[in-house]
Every structure is written in structure tokens, then in C-alpha cells.
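A.B. asks: Starting off with a structure, shown below.
Read-outs throughout are calculated quantities, based only on the coordinates presented, and are distinct from any laboratory measurement. Since this is a predicted model, take the numbers as computed values, not measurements. Note that each Cβ is placed from the backbone with ideal geometry, even for glycine, and that neighbours are counted across all protein chains shown.
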């Protein structure tokens, strides 16, 4: 109930922001009868209507996970973001091993299997990507070998 | 006669050793992906597209490979449904209803063999249907102008949001979000940037593959982190596999009826395989006498019905996808993304301009069916072993493959971050019961839908009644409205069976 209502409000605010953004679109001298603003504005209108329906007729409350699980999810997101930034400068092997190990630990908190998963996936996937698929991946940071 | 020459052309493409190899490899890979708990056709195909693209295959070869994976995943999905009670995606849910009770009663082998044959029958039926129907539809599609295309896109969104969803408002919202995302980037007509917020990375728009991999694969990883992989390692043992001839013979009628229902559901734009398997299951239950049929308690016909319907719908969904460029389901939306990546424009011209692509694909599907039957009935024990891969190895692997796939495709950090954001959205929406397939469809079709509207208005010089000016478009509008509001009236008549828990 509450989640749907809250989300409905978010949707309406988002739709308003989107509509405001659409009104800012610059048009050029060449234009057609519909123009570049109409379709986005229609979408914002329909979305706002949907948000309103969600507020008026919400579904049953989903069962949200506990605080600890939210912690796990937050850690996973942080690890993924870090991975996105490190894969190029640090090469494939090291970030992949660390990231896969941490993700594995979030699913099943046992240190040894998680570490082995990380190392195994890092080596295995590198071999597959490099030699079976021929992707140009850097295994290690430049200048190590 | 024309059909035979076309088929000959198709087989001349499909029977080349390399294409044949790709079809077999795709079937094998697809069955594995389908069998892996938590991976279904849509996310399996989604994470493979960037990789297939980086292999540098030509259009026909990639298409053959990926559709073989798609068909394979449809077959393989039933293995985890039956043995683990985990459907790989929504259409497979119906198979768990009778498959899992059968497996618990010690008849896992029978359930797998029967559903394997049902899949084969459904898929073969649909491939033949595709062969006969697609050329006819592509001829009709020549009469489609922008007004008709606009109505057709609307029909796809409204059936997806109506009969195929639980809550119309949420499905319509998801469509709007997808369409809204598609608006980001340069405007096709004026060449001016729209809704980019001044961000240079957004000038090109948001790549649909980033959204697909995020919403399907990354979100799945979050789901597993949330559940800590619980309920996925317990399973039922498979002892020996024999051929239950009597039940197979008894099931021929079921297969036939359910294949027809599934095919029709698949051809409807936007409805797709979930509706196909659901309608097949429900109508077969009615046909066999409602509650007295034993459906839901481990009745073999209850395994045959949804599998035939599901696979037939999967093939049927290719009809609107190839002839009109409107996908009929989540996975065909992913296949449409593949076509767009390969620079093939689906639509009626595809049949005349690139017949070798279409007919090569159809011939490969026919071959793939037989390969899959062999893989899934006598060799099923090999694939059952795959179920023992624990989620704490599988999901990090899926994650890494997704990252590398997107990274090799675009090489930008921004897209990787965007993929993570889509993953979070996918998880959140799954919790709130908002479907994510309409978002994908919206991102894929948004530009086309807007272009159709704007071109129609240019043709009519701004007269909105032009949208309803032809018989075809009026019919499409009528079906669109009907498809969206029908659930209000029939929802209490047909109730979707809920997943069973232990």
C-alpha cells in the first residue's frame, strides 16, 4: 500500500520534471506539425495519470528485505561501480577476481568458496574472452610485464 | 511453389557446415542457459548479444546463432522448472504447476521427456506456421502507412499492458518510462538534442542493450543477493529416463490444441509466450474437466499443455517481429534488439530485400528443432547436471559476463554505470510488481512510434483524424482499446494460477 503510494508520488514528480524538460527542447527552423515536444509531453501526461492510479488504487505491500539485506545490496552496488571504474586502468584479472569474490560472498557468506569463485571466474572468463571470443582484454595493468 | 523455392534457398544457407555448426552450438548453449536456475531466454540472450556482436559474424550467422540460443533456452527452461520449481522466466511458470509435483512423486524423468516432446511439437508447429503466415502478413504489411504503424505500436503496448499484465496502470507506466527513455538524444527530424540535460554521453541516446542487460541480467543478480540463493539448491533427483509411450500418445491432442492457442497468442503483438503458456494451460484444464482433471497435482497433460503452448508462442512471436518489426514478447524484443544491432530492419521489405536472412533463419529453426529434441530427450541427463551449479558461482559469473559484454560493445564507463542503474531499477520494479518488458519495448520502439506519428501528421498536414482514416488503423485501434480494457471484465473469470510452494 504505502510503497505503491510513495512510488506514485515519485512518478508524478518525475513526470512533471520530464514535462518541464520537454518544454525546454529547442526547436529549429524546420518543424513539422507535431514538433519535438508533443510526444514527450503526451508520455509525461500518461505517466502522471498512471502515478495517480497507483496512489488511488495501490497493490498490496511487497515484502521488503531487512536492513542487513539492504546492506548487502548496497555493498554489491558499490562494488559494481568500483568495478566499472577499475576494469580499464587495472586490467581484467584483478578487479574481476575481487568483484566476483565480493558478490559471491554477498550471496552466500563463506569466505573460502567466495575467494575461489572470484579467482576461478577471473581466470576462466579471461581465457574464454581472450581466446575463444577474441576480445582485446588487458589482463593486468599496463607496464607490469 | 514459391514456398518450396524459398525453403530451398533457406536450406542452402542453413546447411552450410559453418551455419549448421552455429545452430548446434547455439542449441547447446541455449539449453544450458535455460536450465541454469535464474537464467531464462530473455536474460540469457541479452547477455550474449554484445558478445555475439564482438565475434564479428555476418548478419545471417549471428541471427541463426542467437535464435538457436533462444529456442534452446525455451527448451532448457523446463528442466529447472520441473526439477527445482524455479521458472527461468514468466512463461515457464505454468510448467512448474504440474511438473514439480510430478518430479516430487518420483516421475521427474517422465515429466522431462513428455515436456521435451511437447516443446518439440509446439516449436515445430510454430515454425511451420511462421513459414506459411509470415509471407502473407508481409504482403499485407505493405499497406501499412505511418498511421497504421502508430496504431500497431499502440496495440503492442496495450496488449502487453492489458491482458499480459496484472495491473494496467503499472504496465502502462512501464511503457511510458521506456518510450520516455527513447526520446533522449538527438531528435530525428530537427537534429536538436532532447532531454539530455547537457550530458554529452546522452547525445546518442541510451543504448537499448545497456538497458536490456541491466534490467534483465543485473537485476537478477540483485534478486539472488536478496534471497541469498535460498531455495535454489534443493532439488529432486532424476533416476532413469524412459519413454512414457502411453501418455505421449494420449497427449497428442493436447499438444495440437495447445500449439494452436500458443501460436495465436504469440502472433498477437505484445502478448507473447507468457500469455501463450497461460492460455494453453487454463484452456486444457477446462477441456479435461476443470478441477476433476487433476491439473496442478502432477498430471502429465498439465506439463504437456503449457510447454507446447509456450514454445509455439515463442515461434509465433517471430511472425510480427520479422514482418512488422513489432516483437510479441520479452525475448523477441531482445531479438529485435539483436536485429537492430546487426543493422537489419525488420518489416515487409526484409522478405524481398534479404530473403536469405529470413529463409535461412526459418530453415535453421527447423533444423534446430530436431537437434533440440535429440539433446533434450535422450541427452537430458547431461543438462540436469548443470542444475547443480550453485548460485554463488553462477550469479557473479553472469555479472562479469554482462560487464565485459557491454564494455566490449561501447568501451565507456558511463554505459557500465547506466547498466548498474538499470539493474537497480529492475530490482525495485520487480519488488513493486511493475513489469520491465514494456520498458524494453518502449526503448526499442519509441523513436519509430514517434516518427510514425510525426510522419502521419506531416502527410495529413496536422489533421489528427488521419490516424483513424483507414480500415486497418481503425481495426488496430479497436483491438488496442479492447486489449487494454478487456482484463477489467475477464479477470475474475480467468484467474492466473499462482506458483506453488513447498
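A.B. asks: Got the relative contact order for chain B handy, in percent, Cα pairs under 8 Å and 6 or more residues apart? Don't jump to the answer; show the numbers that get you there.
C.D. replies: On the way: 964 pairs, mean separation 145.0, N = 502.
That works out to 29 percent.
A.B. asks: Do you know the relative contact order of chain A, to the nearest whole percent, from alpha carbon pairs under 8 angstrom that are 6+ apart?
C.D. replies: It comes to 22 percent, rounded to a whole number.
A.B. asks: Roughly how crowded by other chains is peptide A:88-95, in terms of the mean Cβ count from those chains within 10 Å of each of its Cβ atoms? Please report the intermediate quantities before stating the final value.
C.D. replies: Values: counts 5, 0, 0, 0, 4, 0, 0, 2.
So the per-residue partner count for this stretch is 1.
A.B. asks: Rank the residues B:388, B:19, B:341, B:331 as a footprinting-exposure proxy: fewest other Cβ atoms within 10 Å of their Cβ go first.
C.D. replies: Values: B:388 9, B:19 21, B:341 18, B:331 28.
So the ranking, lowest neighbour count to highest, is B:388, B:341, B:19, B:331.
A.B. asks: I need the semi-axes of the equivalent ellipsoid of chain B: take the C-alpha gyration tensor, multiply each eigenvalue by 5, square-root it, list largest first in whole angstrom. Each step should come with its number before you reach the end.
C.D. replies: On the way: eigenvalues 227, 129, 111 Å².
Largest first, chain B gives 34, 25, 24 Å.
A.B. asks: Could I ask something else about it? Can you pull the one-decimal nm distance between simple spin-label points at residue B:20 and residue A:13, each 7 Å off the Cα toward Cβ?
C.D. replies: Inter-label distance under the simple model: 6.2 nm.
A.B. asks: State, to one decimal in nm², a quarter of the convex hull surface area for the C-alpha atoms of the protein assembly as shown, i.e. the direction-averaged projected area.
C.D. replies: Numbers: hull surface 115.6 nm².
Result: a mean projected hull area of 28.9 nm².
A.B. asks: Okay, helix-only estimate at 222 nm for chain A: each DSSP H run of n ≥ 4 adds -39500 (n - 2.57), divide by all residues, round to 500 deg cm²/dmol; what do you get? All intermediate terms of the calculation are to be shown ahead of the outcome.
C.D. replies: On the way: 5 runs with 93 residues, N = 145.
It lands at -22000 deg cm²/dmol.
A.B. asks: Taking the number of other C-beta atoms within 10 Å as the exposure measure, put A:102, B:485, B:79 in order starting with the fewest. The partial results should precede the final answer.
C.D. replies: Working: A:102 20, B:485 12, B:79 31.
Exposure proxy ranking, most exposed first: B:485, A:102, B:79.
A.B. asks: Grab the beta carbon distance between residue B:382 and residue B:8, set R0 = 25 Å, and tell me the FRET efficiency rounded to 0.05. It would help to have the intermediate numbers written out before the result.
C.D. replies: Details: r = 34 Å, r/R0 = 1.37.
It comes out at approximately 0.15.
A.B. asks: Measure nothing fancy, just the Cα-based angle from helix B:437-460's long axis to the longest principal axis of chain B, in degrees from 0 to 90, nearest 10.
C.D. replies: With rounding to tens, the tilt is 30 degrees.
A.B. asks: Continuing with the same structure: Ranking B:136, B:177 by Cβ neighbours within 10 Å, fewest first, what do you get?
C.D. replies: Details: B:136 11, B:177 25.
Least to most surrounded, the residues fall as B:136, B:177.
A.B. asks: So how much slack lies between residue B:352 and residue B:297, counting 0.36 nm per residue of separation and subtracting their Cα-Cα distance, in nm?
C.D. replies: Working: separation 55, 0.36 × 55 = 19.80 nm, distance 4.96 nm.
Extra length from residue B:352 to residue B:297 when fully extended: 14.8 nm.
A.B. asks: When the helix-only estimate is applied to chain B (DSSP H runs of n ≥ 4, each -39,500 (n - 2.57), divided by the residue count), what is the mean residue ellipticity at 222 nm, nearest 500 deg cm²/dmol?
C.D. replies: When only DSSP H runs of four or more count, the value is -23000 deg cm²/dmol.
A.B. asks: Starting from the Cα of residue B:105, step 7 Å toward the Cβ, then list every residue of the stretch B:307-346 with an amide N under 20 Å from that point.
C.D. replies: B:307-308
A.B. asks: Using 7 Å Cα-to-Cβ label points, what is the residue B:252/residue A:128 separation (nm, one decimal)?
C.D. replies: Spacing of the two 7 Å Cα→Cβ label points: 4.2 nm.
A.B. asks: Averaged over its residues, how many other protein chain Cβ atoms are within 10 Å of peptide A:39-47's Cβ atoms? Mind showing how you got there, number by number?
C.D. replies: Working: counts 12, 9, 0, 4, 12, 2, 1, 6, 8.
Neighbouring Cβ atoms belonging to other protein chains average 6 per residue here.
A.B. asks: So what is the relative contact order for the stretch A:2-56, in percent, with contacts set as C-alpha pairs under 8 Å and at least six apart? Intermediate results must be reported in sequence, preceding the final value.
C.D. replies: Values: 46 pairs, mean separation 33.9, N = 55.
Worked out over the stretch A:2-56, it gives 62 percent.
A.B. asks: Averaged over peptide B:172-179, how many Cβ atoms belonging to another chain are found within 10 Å of each residue's Cβ?
C.D. replies: Working: counts 5, 12, 2, 4, 13, 7, 1, 6.
Per-residue shielding by partner chains comes out at 6.
A.B. asks: While we're here: How far apart, in nanometres, would the label points at residue B:459 and residue B:283 be if each is projected 7 angstrom from Cα along the Cα-to-Cβ direction?
C.D. replies: Distance between the two pseudo-spin positions: 3.4 nm.
A.B. asks: How far is helix B:471-490 tilted, in degrees, relative to the longest principal axis of the Cα atoms in chain B, given as a value from 0 to 90 rounded to the nearest 10?
C.D. replies: 50 degrees
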